[in-house]
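Peer 1: For reference, the structure I am asking about is given below.
What follows is calculated from the coordinates using simple rules that are stated; it is not laboratory data. The structure presented is a predicted model; accordingly, all values stated were derived computationally and were not measured. Positions of Cβ are generated from backbone atoms using ideal geometry, with glycine treated the same way; all protein chains shown enter the neighbour counts.
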Amino acid sequence: MNYLFVNQSITILLILVYIITSSITTFDKRLIQARKAGAIPASDPMLPSWVAGVYWIHYPLMVLMLIINWQFALGLIITGFLCEVFPVWETIGNILMSRFRQKT
């Protein structure tokens, strides 16, 4: 019984971290794409440099989830891809990172 609770707690924690890292990485990608396309001016502030560390958390997290429960992880990754195609992650990332974007 205790093992089941620990396993569920770890899974819920991994899901929350996955949502946060997916949102931040997708928002950062969209900002970079918009700057390259000229949709936002070059003087518009980018995200802080520590956001690059979130990329280093995001991809090993997906591998860890695949190791723990591959069926659930594949479903979560597919759902995450759909949230990336539709602007769900971008919106959540914008909300999460609004405090860290430097104002001009």
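Peer 1: With an 8 Å Cα cut-off and a minimum separation of 6 or more residues, compute the relative contact order for the range 14-97 in percent.
Peer 2: RCO, the range 14-97: 53 percent.
Peer 1: What spacing in nm lies between the two simple spin-label points modelled at ARG35 and ILE15, each 7 Å away from Cα in the Cβ direction?
Peer 2: If labels sit at ARG35 and ILE15, their model points lie 3.4 nm apart.
Peer 1: Something else: Mind listing which trypsin sites (Lys or Arg not before Pro) in the range 1-99 are in a DSSP loop and have 11 or fewer other Cβ atoms within 10 Å?
Peer 2: Hits after loop and neighbour filter: ARG99.
Peer 1: Right, next: Round to the nearest 10 and give me the degree value, 0 to 90, for the angle of helix 88-97's Cα axis relative to the longest principal axis of the chain.
Peer 2: In the chain, helix 88-97 runs at an angle near 70 degrees to the longest axis.
Peer 1: Here are labelled values, [x] 49, 33, 20; [y] 53, 30, 21; [z] 55, 23, 20, and one is the computed Cα extents along the principal axes in Å for what I pasted. Which one?
Peer 2: [z]
Peer 1: Taking the Cα centre of the chain as the origin and placing charges on Cβ (Lys, Arg +1; Asp, Glu -1), which of HIS58, PHE81, MET46 is farthest toward the positive end of the dipole?
Peer 2: Farthest along the dipole direction, towards plus: MET46.
Peer 1: When the helices in the chain are scored as -39500 (n - 2.57) per DSSP H run of 4 or longer and the sum is shared across all residues, what 222 nm value do you end up with, to the nearest 500 deg cm²/dmol?
Peer 2: Rounded to the nearest 500, it is -26500 deg cm²/dmol.
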